[in-house]
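Below is one structure, written out as structure tokens, with a few remarks after it.
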Amino acid sequence: MPFDVKTLFFVVTLVGFLLAFWVALMAFGKPRNDPLWAWAGALCCYSLANVTAVLRGSTPLTLVLLAVSVFYGVGLALMLTSIRRFQLAPVERWKVWVPAVLAPVLTTVAFQFSVAGRVYVAMAIHGAQLFFVLQALADRRYAIAGRGRWILRITFAVLMCLMALRVVVIATGLVEPSAVITNSPLQALIFVVLVCALLSMTLGFVYMTMERAEQQSRELAMRDMLTGLANRRAITEDLEHVVARARRQGERFSLLMLDIDHFKRINDSFGHQAGDVVLRDVAEQMRLRLRAQDHIGRFGGEEFLLVLPDTDLGGAQTLAEALRAGVEAQPIHWGAHQIAATVSIGICASTGAVADTADSLVAAADAALYRAKQNGRNRFAV
């Protein structure tokens, strides 16, 4: 079925404006530096470049080409800015704005010599901008999780190929350099790809924002808001994973159940805000003494559960004594007061036996904690 290129050109422009509107609506109420605003601006610039290109007959050609280069260059610059903001990465301004400034200047100069020269220069500069976008998406220092980034990578790679194809067909004489909306099968194919690219890249970017929102929601659901540690649900999941791995590989691991002594007395004497400070301080002391592979979470109230992979009973006892002594040695400041906190710890070690389950191990550590409290507190028991 033949495609009318002028109709396709109109569709591409309309889709660009519509996508810009919906993305801007999604960004409404967010800060100005939110990546969605930059993406909406990029779509607007792309569509304005198409609108400007149609004014060839009624406006001086040099002015039209200058405006088109400005809009395309700024649009790609905003896309790169949007991705770097999404990554929470520094925006390298020379990669963003130097090509956007060079594009209109160099293409206007090149046009004075030949129309084809202008196309080659424009494609080279905008191709470099697309390369910078792909480079940002592949930056491992600010890696983007999820599948949205792959949609963007594929789409921008296709756009680079499309630019290369346009250079080839102009160089071989298959299409006139000045042809924009002239009917031809090749031009029709280009505009069909452009429609798909606009939809795909915006879908990919919006999908990335949704994936991040879901990830943040999950993190909030698994995080104790007061201490910043994993909550009971999260630390229990961590323990189950460690137990399953220990069964498969026959590894040793240990559990520590830690409880702040006389915590109710602290709340009654100094207030609940002071109790919150004590919880946060003890949590931070534990976090600083753990290894990267260890897991720690607030199990409930003033109780904390520590899961120590690849740790035997001796290693667990050494850590427990270090935690106990560290808390005792550092009184917690609350206004003009110093709160002397201590902790009791129950220890349970596992050899990875099949009979060891998460529940049975927690029960054993809890029983050891109970014995530590019975024996006078500020100590550990196995």
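The values are calculated or read from the model by the stated rules, or taken from the named source; none is laboratory data. What you see is a predicted model, and the numbers here were worked out from it, not measured in a lab. No Cβ is skipped: glycine too gets one built from the backbone with ideal geometry, and neighbour counts run over all protein chains shown.
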Residue in the stretch 25-38 that is surrounded by 22 or more Cβ atoms within 10 Å (Cβ to Cβ) and closer than 17 Å to Val133 by Cβ present: yes
So Val307, is it over 22 Å from Lys264 (Cα atoms), modelled with pLDDT of 90 or more, β-branched (Val, Ile, Thr) and touching an Asp or Glu at 6+ places or on another chain (Cβ under 8 Å): yes
Test: residue in the stretch 262-281 that is farther than 18 Å from Thr342 by Cβ, surrounded by 14 or more Cβ atoms within 10 Å (Cβ to Cβ) and of a type outside the set (Asp, Glu): no
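Just to check your reading of the model, which residue among Leu8, Leu61, Leu18, Leu76 is surrounded by 21 or more Cβ atoms within 10 Å (Cβ to Cβ) and either under 24 Å from Met160 (Cβ atoms) or free of Cβ contacts under 8 Å to residues at least 60 places away in the same chain (or both)?
So the residue among Leu8, Leu61, Leu18, Leu76 that is surrounded by 21 or more Cβ atoms within 10 Å (Cβ to Cβ) and either under 24 Å from Met160 (Cβ atoms) or free of Cβ contacts under 8 Å to residues at least 60 places away in the same chain (or both) is Leu76.
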Leading residue by the ranking (surrounded by the fewest Cβ atoms within 10 Å (Cβ to Cβ)) among those in the stretch 330-382 that are part of a loop (DSSP other than H, G, I, E, B), of a type outside the set (A, V, I, L, M) and under 40 Å from the mean Cα position of the chain (by Cα): Gly335
Contacts under 7 angstrom Cβ, first residue in the stretch 102-115 being within 14 Å of Tyr72 (Cα to Cα), partner part of a helix (DSSP H, G or I) and among the small types (Gly, Ala, Ser), 6 or more apart: Ala103/Ser69; Ala103/Gly73; Ala103/Ala122; Pro104/Ser69; Pro104/Gly73; Thr107/Ser69; Thr107/Ala122
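Conditions tested, residue by residue: (1) among the polar types (S, T, N, Q); (2) farther than 24 Å from Leu18 by Cβ; (3) within 24 Å of the chain's Cα centre (by Cα).
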| position | (1), (2), (3) |
| --- | --- |
| Cys44 | no, no, no |
| Val51 | no, no, no |
| Val54 | no, no, no |
| Leu61 | no, yes, no |
| Leu78 | no, no, yes |
| Ser82 | yes, no, yes |
Test set (1) under 31 Å from the mean Cα position of the chain (by Cα); (2) hydrophobic (A, V, I, L, M, F, W, C); (3) farther than 24 Å from Ala188 by Cα - Ala110 fails condition number: (1)
Failed criterion for Leu226 (all others in (1) closer than 30 Å to Ser350 by Cα; (2) not in a helix (DSSP H, G or I) hold): (1)
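Quick one: count up the residues across the stretch 238-272 that are in a helix (DSSP H, G or I) and either within 19 Å of Lys373 (Cβ to Cβ) or in contact (Cβ under 8 Å) with a residue 12 or more places away in the chain (or both). Don't jump to the end; show me each part of the working.
First pass over the stretch 238-272, keeping only residues in a helix (DSSP H, G or I): 238-249, 263-270, 272.
Going one step further and asking which of them are either within 19 Å of Lys373 (Cβ to Cβ) or in contact (Cβ under 8 Å) with a residue 12 or more places away in the chain (or both), we end up with 238-240, 242-243, 245-247, 249, 263-268, 270.
Looking only at that region, the number is 16.
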Residues within the stretch 199-237 that are touching a Gly at 6+ places or on another chain (Cβ under 7 Å), under 25 Å from Val382 (Cβ atoms) and crowded, with 16+ Cβ neighbours inside 10 Å, tallied: 3
